[in-house]
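J.: Before anything else, here's the structure in question.
The values are calculated or read from the model by the stated rules, or taken from the named source; none is laboratory data. No experiment lies behind these values; they were computed from the predicted model shown. Note that we place each Cβ from the backbone using ideal geometry, even for glycine, and neighbour counts take in every protein chain shown.
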Amino acid sequence: MKLSNLSKSNTLLETICDFLNYECGLKVTEAIIDEVLKYIKKNYFLDQLPYNDLINYLKKNLINSVLINETYFFRNPEQLDAIIDYYNKFLKNKKLKILSFGCSSGEECYSLAIKFFLENIDNYEIVGIDIDNEALEIAKKGEYTENSFRNNVMLLKNFFKRINDKYVIKDIYKKNITFLNINLLKENALKYFDKHHFDVILINNVLIYLDEKAISIILKQLNNLLSKQGILLTTKEESFLIEKAHIFKKDPYNDIIYKKILFEDILQKEFRELYYIKAENDEQDANKIYEISNKYKNETIEKLREYIKITQNKNEVLAISYRIFEKTLNAEDLKNFINLLINENYYHEAHKWLKTYLMIINPTEKDLNDYIKLCIKTKNYDDLIPILKKKIELYNNKKDILLLKTILGHINEQ
Ligand SMILES: C[S@@+](CC[C@H](N)C(=O)[O-])C[C@H]1O[C@@H](n2cnc3c(N)ncnc32)[C@H](O)[C@@H]1O
């Protein structure tokens, strides 16, 4: 049946597709419709069930039948190498915490455990999450058929026991793994784990089946679970979906690795030309300026302007310029003083005066931009938000709206 022919009158088919989308975030493709039609044919009595009974039945039975559980051992060997590399570089001697999201029947988790064994790493914890209960039952038992091995048959001998026609993973590879049935579309992950709990998150062959809304919800949840310096790994096919969410960035050294975009990254990205400067000495420097400026207390403005021309001392220039402003109380002179402060990296001091400046003038777009840049340099996020709001109110610039949304989003998440 073609998606475009999906008849409105076929209410059972529609109900089931809606249920799948609501419950699992599944994109309703033709392949899914085919699966659902097969399912309806097999379970012909569904038509007769009252709505609530139907939904309960689907919750118990449908998800396991329709979701694609395809997986096998050592499916992404380059990811395993990247994790070992990351561990050796950044986490040596610490406990490595890994989440496999959409772990299906557990092959990905056991591949990790085997790899760690081969690399002599034993201080780790792996959590596998899936919404498919039946797949998770297989994972917990660790019982597999040859189909899970593909071209990795050498694994069979060393890490599995043969029991009848099954290959059962040895207990030592099970001991640090937990499998959980959690639906992250419906439940807050922070109910189960601490914020930033995991060092590594794997999300392989899951996003391709989901619609945009579900992807966004899940990636936000995973972003909350990933540690600040943690890594997220995915397949090549899914990487563009990760990038589209704008909350993870590609690692510049290894393009199968993603990292969280941190609050400060966003600010740096938006204002690439700026950099952070330590401002600890600011106050001391400010005192110096006022001290020097006392020397010029009684001079006339003309005299002060003359002095500026001849002195080579930057603090003196600042001090005189401050005196000029004090005598004229004129916006132009204050702006000049502020620019000098910025040029000399006295950001906190500049910040204080910019605030005054904005009160005495009708700020132009450039004035507000200067102030925003300064808030970023001084990491004054309390002032940054109201000033962005003010700028949006006056100039309604899309870039500012986006920046404000991102900042607010990040503040909520951190
Ligand atoms: C194709 S398997 C991938 C298994 C493994 N990650 C791999 O790459 O080999 C996809 C798994 O994602 C699970 N899945 C799909 N949507 C999910 C969701 N919203 N939450 C958790 N698991 C989900 C499915 O149940 C299925 O077991």
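J.: Taking only pairs six or more apart or across chains, which ones have beta-carbon atoms under 7 Å, a first residue in region 211-223 that is farther than 18 Å from K250 by Cα, and a second residue that is of a type in the set (A, V, I, L, M, F, W, C) and in a helix (DSSP H, G or I)?
T.: Here the result reads Q221/A189, each pair linking region 211-223 to a residue that is of a type in the set (A, V, I, L, M, F, W, C) and in a helix (DSSP H, G or I).
J.: Also, I was wondering about something else. Of everything in region 86-104 that's within 16 Å of the ligand (Cβ to nearest atom) and among the polar types (S, T, N, Q), which residue is nearest to L67 (Cα to Cα)?
T.: Ranking the candidates gives S104 first.
J.: Filter region 19-56 for residues that are in contact (Cβ under 8 Å) with a residue 60 or more places away in the chain and assigned to a helix (DSSP H, G or I); which is surrounded by the most Cβ atoms within 10 Å (Cβ to Cβ)?
T.: C24
J.: At least 3 residues that are at pLDDT 90 or above in each: list the helices (runs of 4 or more DSSP H) lying fully within region 249-328 that qualify. Spell out how you get there, then give the answer.
T.: Details: elements: 263-270, 282-294, 301-310, 314-328.
Filter on region 249-328 gives 301-310, 314-328.
J.: Provide a single number: the residues in region 361-385 that are part of a loop (DSSP other than H, G, I, E, B) and modelled with pLDDT under 80.
T.: 6
J.: State the number of residues belonging to region 192-202 that are surrounded by fewer than 23 Cβ atoms within 10 Å (Cβ to Cβ) and either on the phi < 0 side of the Ramachandran plot or within 13 Å of the ligand (Cβ to nearest atom) (or both).
T.: So the answer is 5.
J.: Hey, can you tell me all the residues within region 57-84 that are within 13 Å of the ligand (Cβ to nearest atom), part of a helix (DSSP H, G or I) and closer than 18 Å to N181 by Cα?
T.: Listed by number, the residues that qualify are L62, I63, N64, S65, V66.
J.: Still on this model: How many residues does region 107-123 contain that are more than 16 Å from N152 (Cα to Cα) and crowded, with 17+ Cβ neighbours inside 10 Å?
T.: Within region 107-123, residues that are more than 16 Å from N152 (Cα to Cα) and crowded, with 17+ Cβ neighbours inside 10 Å number 2.
J.: Of the residues that sit in region 113-160 and are of a type in the set (D, E) and under 31 Å from the mean Cα position of the chain (by Cα), which one is nearest to V206 (Cα to Cα)?
T.: Of the residues in region 113-160, the ones of a type in the set (D, E) are 119, 122, 125, 130, 132, 134, 137, 143, 146.
Checking which are under 31 Å from the mean Cα position of the chain (by Cα) leaves us with 119, 122, 125, 130, 132, 134, 137.
Values: E119: 28, D122: 28, E125: 22, D130: 10, D132: 12, E134: 17, E137: 19 Å.
Per the stated criteria, the residue is D130.
J.: Can I ask one more? Restricting to strands (runs of 3 or more DSSP E) lying wholly in region 98-172: which have 2 or more residues that are under 24 Å from Y209 (Cα atoms)?
T.: Answer list for region 98-172: 124-130.
J.: Follow-up question, since we're still on this one. Just to verify a result, which residue in region 203-244, among those that are in a strand (DSSP E or B) and surrounded by fewer than 19 Cβ atoms within 10 Å (Cβ to Cβ), is nearest to the ligand (Cβ to nearest atom)?
T.: Within region 203-244, the match that is nearest to the ligand (Cβ to nearest atom) is S227.
J.: Consider K59 carefully, then state whether it is basic (K, R) and either in the same structural domain as N152 (by TED's automatic domain parsing) or touching a residue at least 24 places away in the same chain (Cβ under 8 Å) (or both).
T.: Yes; evaluated as a whole, the condition is true for this residue.
J.: Moving on to the next point. Do the conditions hold for I163, that is, is it more than 17 Å from the chain's Cα centre (by Cα), within 13 Å of the ligand (Cβ to nearest atom) and surrounded by fewer than 19 Cβ atoms within 10 Å (Cβ to Cβ)?
T.: Considered against the rule, which asks whether it is more than 17 Å from the chain's Cα centre (by Cα), within 13 Å of the ligand (Cβ to nearest atom) and surrounded by fewer than 19 Cβ atoms within 10 Å (Cβ to Cβ), I163 comes out as no.
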